Amino acid sequence: MVRMTNTYIANGDSEPDDIVADTPNGVYVAHLGGGQVNTATGDFVFGMTEAYLIEDGRLTAPIRDGNLIGNGPEVLMLIDALGNDFAMGSPGTCGKDGQGVPVGDGTPTLRVQRLTVGGTAA
Amino acid sequence: MHDDDLTGEALASLGDRVVAQAAPGEQIEVVLVHSAETEVRAWEGDIESFASATAHGVGIRVVIDQRQGFAHAGSHDEAVVAETLAAARDNAAFGTPDEFQGLATPDGVAVPEMDLYRPELAAVDPETKIRMALELERATRDGDPRICGVESADYVDSLSVGAVVTSTGIRSIGRDSSCYLSVYSLAADGDETQTGFGFSVGRSVEDLDLQQAAADAVERAVRLLGAGKPATRRTTVVFDPWVTAQFLGIVGSTLSGEAVLKRRSLFADRLGETVAAPVFTLTDDPTDPAAFGAGETDGEGLATRRNELMTAGVLRQFLHNSYTGRRSGTASTGSAVRGYAGTPGVGCMALVATPGDATPDELVAGMDDGVLVQGVTGLHSGVNPVSGDFSTGAEGLRIRNGELAEPIREFTVASTLQRMLLDVLAVGNDLTRLPMTAAGVTLVVADVTVSGE
């Protein structure tokens, strides 16, 4: 079965703290929960299980139970900062019809210029 | 499947022989299932996959000295069944004593008689099933010039006969058949791609409407072409029946006696209170033969029954199996759900929101402004059934001046389950059967946050 076994975004040269400090208004996503991707359109939704507001370059209030929604190819074009803290995430399994392949992915801290965040406090 | 299996009598007789071995003070329950399933997937005019499987399953539960033991096996061979009983008895010795542990006992509720099994489905040959999957793909592809492909076109069916026999006096036999067609289409315009789906559900192939499933898949994909993001605002949303069915499934999960006992239900302390709008009545009714989840008996062999959960917005009851019923000081509502490979849980089987009088078009015609949500993504990650927080990705159409207007995508809809139930403005008259626990129906909900640009 063909699967991408080791997918990653290469390291950048920014300090992660500098990326946050350079963000006047945003959301820092520390952990994503489950999600869903429409592989035909590239549209994705992921739940944020740990996230914080960024205000004037500092992490402030925590945000709960919100969703991130976007389109994969479009989001790749909107990455404007990459940290120097590359790490692999937890490995998982990708498969179908009873077959499974161990897969892993990794990325440094990265910033996306804009993304829709769903919730009730908009 | 053989003739004696069609009645389930052979299964129940096997069960009789096992429960006859119950020792004094020991309760034994045997669940026996014989099922056959077929799945066909078409791709570009050919068969991508064809899977056909039959299963013979046995699950045995033993309760002795307030301890429960369980074991299961994939065979009806007498020697295997004897080993399974021995394993269940052995496991019971390791159980934690629990005063509420015990099997169901006959409760006098009459088993509803329904015709859920169509022997003609068992006689449909594989070539016919393959032809339907291929025809479904072709009809979808030919439905509109903007359809550029079909992601999947499936025919699926299932025939099942089961028996539950206990040493406490239960002896029930149930059987059912079902089949469905499902198709996901791809529509393209330039670089843009959209997807749409269509379904048709029945008890035998004669019930299936292939052309309608294909037409729905085509319309849903094509009408999204050119979609942009909506402006962020609070507005009234109209849930398509498919979305409503998913929403009701989540609401139903909060009404299980197990969730209530574990203090994980947001409605735990609210029996008798108004928790939804007066237009909203929610029922779990597996005695309705038209429901996909219809069944004559539950996972413990008790008669299913019509359980009204919310009546005109008032929370009436939770669902129970015999364990959660006893532990809650009430009785089973005939809502034990399980396969042969596990002990009974509690859950909805055939949820339905009582339909209103208005057609979907009439509901939309009454709205100056709003959003029709035709699909949601990430529902399982975006809804917290304990707190009720609700946030999901969505796609659909704007509603302007009483008409469906431009397509929109890549937005989220958010509220809480508690508020959405109270904010229901109307239920449509378009009850739609889907291969899911809940039936679909158009639902109009006020004051939902739509987040886009």
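In terms of Cα to Cα distance under 17 Å, which aspartates and glutamates are near enough to residue B:129, apart from those fewer than 8 places away along the same chain?
B:37, B:39, B:44, B:46, B:48, B:120, B:137, B:154, B:157, B:206, B:207, B:209
Per-residue Cβ counts within 10 Å, from other chains only, averaged over B:221-234: what number is that?
Going residue by residue through B:221-234 and averaging, the value is 1.
In the stretch B:42-146, which chymotrypsin sites (Phe, Trp or Tyr not before Pro) fall in coil by DSSP and have 15 or fewer other Cβ atoms within 10 Å?
Sparse-neighbourhood loop chymotrypsin sites (Phe, Trp or Tyr not before Pro): B:94, B:100.
Over the stretch B:227-453, what lengths in whole Å, largest first, do the semi-axes of the equivalent ellipsoid take, defined as the square roots of 5 times the eigenvalues of the alpha-carbon gyration tensor?
Equivalent-ellipsoid dimensions as semi-axes: 32, 17, 16 Å.
According to the Cα gyration tensor, what semi-axes, each the square root of 5 times an eigenvalue, does the equivalent ellipsoid of the stretch B:164-234 have, listed from largest to smallest in whole Å?
For the stretch B:164-234, the semi-axes come out at 42, 19, 9 Å.
Sorted by mean Cβ packing within 10 Å, highest first, what order do the peptides B:155-165, A:73-83 take?
With the highest mean Cβ count within 10 Å placed first, the list reads B:155-165, A:73-83.
So how compact is the stretch B:59-168: Cα radius of gyration and Dmax in angstrom?
Every Cα atom of the stretch B:59-168 included, Rg and Dmax give 23.3, 69 Å.
Which order do peptides B:76-85, B:168-177 fall in by mean Cβ count within 10 Å, highest first?
Taking the mean over residues of other Cβ atoms within 10 Å, the ranking is B:168-177, B:76-85.
Please give the peptides B:271-281, B:420-430, A:92-102 ranked by average Cβ packing (other Cβ atoms within 10 Å per residue), highest first, as a rough proxy for protection.
Per-residue mean Cβ counts within 10 Å order the peptides as B:420-430, B:271-281, A:92-102.
Residue by residue through A:24-37, how many Cβ atoms from other chains fall within 10 Å of the Cβ on average?
2
Using the Cα atoms of the stretch B:38-110 to build a convex hull, what is its mean projected area in square nanometres?
Mean projected area of the Cα convex hull: 9.2 nm².
Helix-derived [θ] at 222 nm for the protein assembly as shown: sum -39500 (n - 2.57) over DSSP H runs of at least 4, divide by residue count, nearest 500?
My calculation for the protein assembly as shown gives -5500 deg cm²/dmol from helical runs alone.
What share of Cα pairs, in percent, lie more than 18 angstrom apart in the stretch B:137-271?
Here the long-distance tail beyond 18 Å is 71 percent of all Cα pairs in the stretch B:137-271.
What would the Debye formula give as log10 I(q)/I(0) at q = 0.08, 0.13, 0.14 Å⁻¹ for the alpha-carbon point model of chain B, no solvent?
These q points yield log10 I(q)/I(0) values of -0.52, -1.22, -1.32.
How many Cβ atoms of partner chains, on average, are near each residue of B:385-397 if near means within 10 Å of its Cβ?
Per-residue shielding by partner chains comes out at 4.
Which angle from 0 to 90°, rounded to the nearest 10, does the C-alpha axis of helix B:126-141 make with the longest principal axis of chain B?
The two axes meet at around 20 degrees.
So what does log10 I(q)/I(0) come out to for the stretch B:3-221 at q = 0.07, 0.15, 0.17 Å⁻¹, using the Debye formula with one equal point on every Cα and no solvent?
-0.35, -0.91, -1.03
Please arrange B:99, B:362 by counting, for each residue, the other beta carbons lying within 10 Å of its beta carbon, fewest first.
Listed from fewest to most nearby Cβ atoms, that is B:99, B:362.
Computed over the Cα atoms of the stretch A:6-115, what is the ratio Rg over Rh, Rh following Kirkwood?
Radius of gyration relative to Kirkwood radius: 0.98.
Using only Cα positions of the protein assembly as shown, each an equal point scatterer, no hydration layer, compute I(q)/I(0) via Debye at q = 0.09 Å⁻¹ and quote the log10 values to two decimals.
For the protein assembly as shown, the Cα-only Debye profile gives -0.81.
Read the figures in this text as sums done on the coordinates, not as results from a lab. Computed from a predicted model, the values in this text were never measured in an experiment. Glycine gets a Cβ as well: all are built from the backbone with ideal geometry, and neighbour counts include every protein chain shown.
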